[in-house]
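Heads up, the thing below is written out as structure tokens.
The values are calculated or read from the model by the stated rules, or taken from the named source; none is laboratory data. For clarity, every value in this text was computed on a predicted model and none was experimentally measured. Cβ placement follows ideal geometry from the backbone for every residue including glycine, while neighbour counts extend to all protein chains displayed.
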Amino acid sequence: WRVYLTTIDKDTPIEQAPHVYRLGWCADYPDENNWVHEVFNTNAGNDDPRWEETANAPLGPDGKSFNQLTEEAQAEQDPAARAALYKAAEKILNEDGAAIAPIYYYTRVQVTKPYLQRTYYDLGGERIETWVLDEAAKMEATGM
């Protein structure tokens, strides 16, 4: 694993880096910045693909690079303008440059008794303190 990580590290010359490899990412917080800027921006992010280091990286609206778009989006205060900047950056990343190819998404299966009123997992984790056990429904379902 250490050899693998060294091979894809940013210090490895781009000519020696593999063309295809697999890595995963789970969100740290629920925002486009965490997914787009912090993972793929070559100046500030993890940027495992290192795709903007290669020649002819595609440009977005107004001739802006992916990096420029995500840096502007990170600082943008207007939610609609921010969303538009991230959308343009994602188009470069996923369509124009095809720098990444998501092959699967993490999922999980949960089974819950019908008499438990609950919330479901989001990026902040389970909110067990908000769950409510409907005693009447439990008695009806179980006879207890």
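Summary of values
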| item | result |
| --- | --- |
| The stretch 74-86, residues that are of a type outside the set (S, T, N, Q) and exposed (fewer than 15 other Cβ atoms within 10 Å of the Cβ) | Ala75, Asp78, Pro79, Ala80, Ala81, Ala83 |
| Every residue from the stretch 29-44 that is touching a residue at least 12 places away in the same chain (Cβ under 8 Å) and surrounded by 13 or more Cβ atoms within 10 Å (Cβ to Cβ) | Glu32, Asn33, Val36, His37, Val39, Phe40, Asn41, Thr42, Ala44 |
| Scope the stretch 105-144; condition under 30 Å from Glu32 (Cβ atoms) and among the acidic types (Asp, Glu); matching residues | Asp122, Glu126, Glu129 |
| Candidate set: the stretch 92-141, residues that are hydroxyl-bearing (Ser, Thr, Tyr) and in contact (Cβ under 8 Å) with a residue 24 or more places away in the chain; chosen: the one surrounded by the fewest Cβ atoms within 10 Å (Cβ to Cβ) | Tyr106 |
| Candidate set from the stretch 95-130 (those that are small (Gly, Ala, Ser) and more than 15 Å from Cys26 (Cα to Cα)); member that is modelled with the highest pLDDT | Gly97 |
| Filtered residues of the stretch 76-115 (kept if hydroxyl-bearing (Ser, Thr, Tyr), under 15 Å from the mean Cα position of the chain (by Cα) and farther than 13 Å from Phe40 by Cβ) | Tyr104, Tyr105, Tyr106, Thr107 |
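Table: residues versus (1) over 30 Å from Asp122 (Cα atoms); (2) at pLDDT below 85; (3) outside the structural domain of Asp122 (by TED's automatic domain parsing); (4) crowded, with 16+ Cβ neighbours inside 10 Å.
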residue: Asp11; (1), (2), (3), (4): yes, yes, yes, no
residue: Arg22; (1), (2), (3), (4): no, yes, yes, no
residue: Ala27; (1), (2), (3), (4): no, yes, yes, no
residue: Asp48; (1), (2), (3), (4): no, yes, yes, yes
residue: Gly60; (1), (2), (3), (4): yes, yes, yes, yes
residue: Ser65; (1), (2), (3), (4): yes, no, yes, yes
residue: Glu72; (1), (2), (3), (4): no, no, yes, yes
residue: Glu90; (1), (2), (3), (4): no, no, yes, yes
